[in-house]
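Notes follow once the structure below has been shown.
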Amino acid sequence: MHPASFGYHAPRSLVEAFGLLREHGEDAKVLAGGHSLLPAMKLRLTQPEVLVDLRHVSGLSGIRVDGDTLVIGALTTHTEVSTAEAVRRSLPGLADTASVIGDLQVRNRGTMGGSVAHADPAADLPVTLTALDASFVLTSSEGERTVAADEFFVDFFTTALEPHEILTAIRIPLPPSPARTSYAKLPHPASGYVVVSAAAALSVDDAGACTAARVVLGGVAGTPHRATAAEAALTGQELTPEVMTAAAAQAADGIDPHADSYADEDYKRHMAVVYARRAIEAAAARA
Amino acid sequence: MSTEQSNPDSLIGASVRRVEDPPLLTGKGCYVDDVKLPGILHVAIHRSTHPHARILSVDTAEAAAMPGVECVLTGDDIGDLVLRTPMVAPGMNMPDHPILARGAVHAVGAPIAAVVAESAAAAQDAAASIQVTYDSLPVVTDAEAALEDGSPLAHEELDTNFCYSMKREGGDVDKAFAEADHICRLHMKSPRVVAMSMEARGVLAQPDPARNELTVWLSTQGPHRARADLANSLGFPENRIRVIAPDVGGGFGSKGCVYREDVLVCHLAQKLGRPVKWMATRNEDFLTTCQGRDQAMTSELALSKDGKMLGLKVRVVANLGAYLHSATAGPPQRMLVMAPGCYQLQDVRVEIVGAFTNTVPTGPYRGAGRPESVLNIERLADKAARDLGMDPLELRRKNYIQPDQFPYRTGVGVEYDSGDYEKSLSEALRLSDYDQMIRDRDEARQRGELVGVGISTFTEPSGGAGFESGAVRVERTGQITVLTGSSSHGQGHETVWAQVAADKLKVPMENVVVRHGDTTAVQQGTGTFGSRSAVMGGGALATAADRVIAKAKAIAGNLMEASPDDVVQTEGGFAVAGVPERNVNWRQVAGAAYAKGTPAGMDPGLNETAFFDPNREAWGFGAHVALVRIDPDTGELTIEKLVLVDDIGVVLNPMIVEAQVHGGLAQGLGEALCEHMVFDENGQPRTGTLMDYAVPRASTMPPVVVGETETPNPFNPLGVKGVGEAGTNGAPPAVANAVMDALSPLGIDHVDMPYTAPKLWRAIREAGKG
């Protein structure tokens, strides 16, 4: 279908973009790669009055290392993330995540900032970025602020972004080598979106004990869900198969997933355990 | 052109690359939406959001005032225009099928108002602004529930949800059941699936008021039948309508009938005197294009204790949806002729019942009743073997119709032309290394793994459904034009018909052009569906070619001063038998045919048309074997091996045949593994978008081994049988039987398709609770 009619602006700078956001307020939507927003507009699920397209704003894409932090520009595409050597080496779980988003066309156009700001509860990146303890740089004419993933995702399609702000970069603390990060996904057979997914980030000391663990589930709530019981069950333990299985068994504690036409609540709860286990095992196996 | 063939002298049997592909692959195809006409108007339709409701009011005032809008029409504005449907059974209930709803709607997506505007976007904006108030009515979506006493009615004006029933019985069924040692019972449902054409439906109509004519570009499988159906609905003369099927991006059965939008667009074009176009959105295609399957089957198979099949009873309840299209009542009727499968069954009773529900209408979809019939008898055969503790191969072999019994008349009064079921089964077992596969399965089972092997052996009718036409015209310069009534929508007719004509006439394929899909260019025709083209269109073409050759021989004899009986065909022309230096080529023969060179008493010209009807269907057969594994932790099903052996008689183009098997298989696996159109209890579609409805992907396709045997069909000129539906018909039952074999250690004896991971996980979990 054709989208409802809308106004279109393609500012040449962030300053110009901020002006447009001030002018149009909540009637405006920021357009990045467009692979979530445009399909929704074509189905008339959303009908923004004005699009502010960032395509001509420079400096918003690219991947660089800043001390012990990896900084990814908001307009960096999924393909760039999944193939970047710095990501593959230091954050293989993130490279794996970006490589299973949508299809090749989506990955070539879709951007990390767009996906994060859209905050689809069935998206991949929010899950992994939460596990990696990423934070998001939100910029406006008043300056910038940085919000941690744990606080950024508020609810279904709702984030801490204010209407006058633009997400400009994602900052991810680089883990000590080896990088024990992973992502395991059960894709919906139609949409390819997450039915249930799990991301794990584990730190292991020289003695083989897990010193820190973040295990995050996707698809089971309005926002990425920290499986805190599973994290606690891993922390301080040697990562034996028994320990990992026992930790994963607690992954579904406290979740209340919604049934859909494909899977019911029981299946999603069970898959939370299965995919948490797969993610934990895959992370532990990285070396 | 690359060719690969066993007999280098023959184009028949050669894997000639499709001449259709270069334009399609380079974006040079021309589909309905690519046809641009000056002054064109676009239609958008406001559709019901209710599955069953009275319409209290329709407010079109805002839409009519929007920029670019030409007019807005409701059912009352267009009056008595209806879609007409043939009555297929005495006493059939036929609800009104108005082009735009009048008074009530009976399914989500039913058209209520049409907006005509200068652009599609303007039309869609205006359609979205139309306000309808409804008075909701009770809803029924399940066909079996619809036939129960006290069910909500799908149509208030009918006092029942019953549409029609048919029955066929042979032998003495009650006696067979009375004498049986065992009766195997099974109830199953085939999932409702969507005919997911790459090109959604679309229609463009251009009126010519001065000449009182109408040209219609329609994404259709049968332009001639569409023309007659449009004429009947519009009350406009058939011979003043020209229907053109340009490139058509798939149909799978769903584009065999005329739809309300087709009549609407023609009506609007005539009313407004301008070209009018409507292209379905994907969402509209989900809600309005005929869907497939959705049959409930209740069966009983009577057996002796040593596994001899004695009798069969089948009752089909088919979900017809809310409205009748011309072929909606067709697919369930397949069970009447196919119920016994490839087994010697003389005592058979089949009853089919069609029921209305508040859902999208159903109709033919790749296989069109054949997949349901094969699934029914092949699941029964497997379950019977398990009930009796027999090897499923042994039970089948014990009951096969034997090669020396053909032509064989079954208990439902149908004559199978030819077959050798053991031959295709043996080949499938050989290709699958069956004995080793069974040993591996047993070892895996010892380890507690869920692994299963399944087979399906089947026979399927193709061709039939009336006549088909073909014409061979030798032009003045000796070039060959073939006109075929069997309009192609992706099957490769332009290639295969050129192969057949070139082979018959002994000319290079490049000298042959195939024309189809235009009622002005082509004599009458029926169209492409039901795996009929090779049998019917090919039969017509071969007959026409033979007639042209016979006439050309007479002309050649005249030119060479020889008796026609002494004239033989040579490469590119004719010669006197035994005197090769006395020869003429097609150009010379054609020149004579159009310039007073025909023998005395013979009409000029070299142009022959044949209408072909063998008055029987062609029965192909095959054997499919599947090896599956189920992950007990997730319910995920993996098909580890799939072997398909199909016997389709003479193969005209092996590459196209293999592609048809692969394509049919992909759609069959879609049904077996993931596709399911679901309506909730309130009649709302839950899987009405490609975000929810899972079509198979390339990654769904397992490793496939395609084998073949060849048993020529004695009842048509080319010895062929249809193949378009073989993969769809045979493979899902093999997968189903393999899944049930894998789950058998858990005591599970039936799960309906599709075998999604959540469904299998649920079945495994509930079996575990025991």
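The values are calculated or read from the model by the stated rules, or taken from the named source; none is laboratory data. No experiment lies behind these values; they were computed from the predicted model shown. Quick reminder, even Gly has a Cβ in these numbers, built from the backbone with ideal geometry, and neighbours come from all protein chains shown.
Brief remarks on what is shown
- Of all residues in the range B:105-143, those satisfying the criterion of being within 19 Å of B:Val678 (Cα to Cα) and crowded, with 16+ Cβ neighbours inside 10 Å are B:His106, B:Ala107, B:Val108, B:Gly109, B:Ala110, B:Val139, B:Val140, B:Thr141, B:Asp142, B:Ala143.
- In the range A:1-14, the residues that are within 14 Å of chain B (Cβ to nearest Cβ) and out of contact with any strand residue (DSSP E or B) (no Cβ under 8 Å at 6 or more places or on another chain): A:Met1, A:His2, A:Pro3, A:Ala4, A:Ser5
- B:Asp692, sole failed condition from (1) touching a residue at least 40 places away in the same chain (Cβ under 8 Å); (2) within 14 Å of chain A (Cβ to nearest Cβ): (1)
- Meets criteria (farther than 23 Å from B:Gly727 by Cβ and touching a residue at least 40 places away in the same chain (Cβ under 8 Å)) for B:Leu425: no
- Among residues of the range B:700-710, those that are within 15 Å of B:Glu675 (Cβ to Cβ) and not in a loop (DSSP other than H, G, I, E, B), counted: 1
- Scan the range B:695-734 for residues that are within 14 Å of another protein chain (Cβ to nearest Cβ) and either surrounded by 20 or more Cβ atoms within 10 Å (Cβ to Cβ) or more than 23 Å from the chain's Cα centre (by Cα) (or both) and the total you get is 2.
- Breaking point among (1) free of Cβ contacts under 8 Å to residues at least 40 places away in the same chain; (2) within 14 Å of chain A (Cβ to nearest Cβ); (3) farther than 30 Å from B:Val108 by Cα; (4) not basic (Lys, Arg), for B:Gly747: (2)
- Candidates A:Thr146, A:Thr130: the one that is of a type in the set (Val, Ile, Thr) and closer than 29 Å to A:Leu239 by Cβ is A:Thr130.
- Restricting the first member to the range A:1-16 and to residues that are within 30 Å of B:Leu690 (Cα to Cα) and acidic (Asp, Glu), and the second to residues that are modelled with pLDDT under 95 and part of a loop (DSSP other than H, G, I, E, B), no beta-carbon pair is closer than 8 Å while six or more apart or on different chains.
- Number of positions in the range B:262-285 that are more than 21 Å from B:Ala121 (Cβ to Cβ) and within 14 Å of chain A (Cβ to nearest Cβ): 0
- Matching residues, the range B:292-306, being buried (at least 22 other Cβ atoms within 10 Å of the Cβ) and of a type outside the set (A, V, I, L, M): B:Gly292, B:Arg293, B:Asp294, B:Gln295, B:Ser299
- Condition broken by B:Phe621, with the remaining ones in (1) over 25 Å from B:Leu425 (Cβ atoms); (2) part of a strand (DSSP E or B) satisfied: (1)
- Among the residues examined, A:Ala17 does not qualify as in contact with a helix residue (DSSP H, G or I) (Cβ under 7 Å, 6 or more places away or on another chain) and either assigned to a helix (DSSP H, G or I) or within 14 Å of another protein chain (Cβ to nearest Cβ) (or both).
- The residues of the range A:247-287 that are among the basic types (Lys, Arg) and either away from chain B (no Cβ under 12 Å) or not in a helix (DSSP H, G or I) (or both) amount to a single one, A:Arg286.
- Residue within the range B:750-765 that is of a type in the set (Val, Ile, Thr), over 20 Å from A:Met271 (Cβ atoms) and more than 14 Å from every other protein chain (Cβ to nearest Cβ) present: no
- Of the candidates A:Ala209, A:Ala230, the single residue that is more than 20 Å from A:Met271 (Cβ to Cβ), out of contact with any His (no Cβ under 7 Å at 6 or more places or on another chain) and away from chain B (no Cβ under 14 Å) is A:Ala209.
- Any hit, the range B:246-259, residues being polar (S, T, N, Q) and crowded, with 21+ Cβ neighbours inside 10 Å: yes
- Of the helices (runs of 4 or more DSSP H) lying entirely inside the range A:35-123, those containing at least 1 residues that are within 23 Å of A:Pro11 (Cβ to Cβ) span A:37-42, A:78-83, A:104-109, A:112-118.
- Residues of the range B:338-359 that turn out to be surrounded by fewer than 24 Cβ atoms within 10 Å (Cβ to Cβ) and in a loop (DSSP other than H, G, I, E, B), as a count: 3
- Cβ pairs under 6 Å, 6+ apart, first in the range A:27-55 and within 14 Å of another protein chain (Cβ to nearest Cβ), second among the β-branched types (Val, Ile, Thr) and part of a loop (DSSP other than H, G, I, E, B): A:Ala40/A:Thr46
- Residue pairs whose Cβ atoms lie under 8 Å apart, sitting 6 or more positions apart in sequence or on different chains, and linking a residue in the range B:662-688 that is touching a residue at least 24 places away in the same chain (Cβ under 8 Å) and more than 14 Å from chain A (Cβ to nearest Cβ) to a partner that is assigned to a loop (DSSP other than H, G, I, E, B) and hydroxyl-bearing (Ser, Thr, Tyr), are B:Gly683/B:Thr141; B:Gly683/B:Thr359.
- From the list B:Asp262, B:Asp294, the one residue that fits, being in contact with a helix residue (DSSP H, G or I) (Cβ under 8 Å, 6 or more places away or on another chain) and at positive phi, is B:Asp294.
- Unique match (being over 26 Å from the mean Cα position of the chain (by Cα), under 28 Å from B:Asp518 (Cα atoms) and not β-branched (Val, Ile, Thr)) among B:His46, B:His50, B:His42: B:His42
- Residues of the range B:117-149 satisfying the condition of being part of a helix (DSSP H, G or I) and within 30 Å of B:Ala269 (Cβ to Cβ): B:Ala120, B:Ala121, B:Ala122, B:Ala123, B:Gln124, B:Asp125, B:Ala126, B:Ala127, B:Ala128, B:Ser129
- Looking only at the range B:361-403, residues that are more than 30 Å from B:Gln221 (Cα to Cα) and not in a helix (DSSP H, G or I) come to 6 in all.
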